[in-house]
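Everything on this sheet refers to the single structure shown next.
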Amino acid sequence: MYLGSLVEYGKKEDIFDNPLHPYTKALFSAIPVPDPTVKMNRIVLEGSIPSPANPPSGCKFHTRCKNCMGICKEEVPVQKEIEPGHFVVCHLYDDVKDVSEKPAAEAPAAEAPAAE
């Protein structure tokens with residue numbers, strides 16, 4: 001959750017095994033490992049922290065996202081189910097097929113007009 005909005009959700013295993021949203025990835029990179037020999041690949045968030053009372057237009061995370069695109073500043077991203085039960089709200093996945101979308105049903109054949 002970022003500024004009161006869900007950015008990613010699903011089963012705990014799915015999110016820990018394959019985090020999708022840049023904010024989720026940054027949060028997980030901050031988890032300390034109790035082994036001083038392990039090299040951490042910490043993702044440090046830069047940019048301004050927006051006001052929750054006056055959030056930015058588009059994606060609320062765009063002011064801190066290293067993957068920010070023009071669309072992120074203008075349009076609120078929609079929720080997509082990337083894997084069964086694993087949802088993300090991010091424009092990085094706009095071109096990825098939503099697994100919850102059903103194929104369009106074939107349109108029924110047009111009926112011939114009734115003879116009079």
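The values are calculated or read from the model by the stated rules, or taken from the named source; none is laboratory data. Just so it is clear, the model here is predicted, and its values are computed rather than measured. As a convention, Cβ positions derive from the backbone with ideal geometry for all residues, glycine included, and neighbour counts pool all protein chains shown.
Filter region 1-35 down to the residues that are surrounded by fewer than 11 Cβ atoms within 10 Å (Cβ to Cβ) and of a type in the set (D, E, K, R), then identify the one that is farthest from GLN79 (Cα to Cα). The extreme case among them is ASP35. Of the residues making up region 41-77, just one is at pLDDT 95 or above, loosely packed, with under 12 Cβ neighbours inside 10 Å and either closer than 16 Å to TYR9 by Cα or hydroxyl-bearing (Ser, Thr, Tyr) (or both), namely SER57. When VAL38 is tested against (1) modelled with pLDDT of 95 or more; (2) more than 26 Å from VAL99 (Cα to Cα); (3) surrounded by fewer than 18 Cβ atoms within 10 Å (Cβ to Cβ), only condition (1) is not met.
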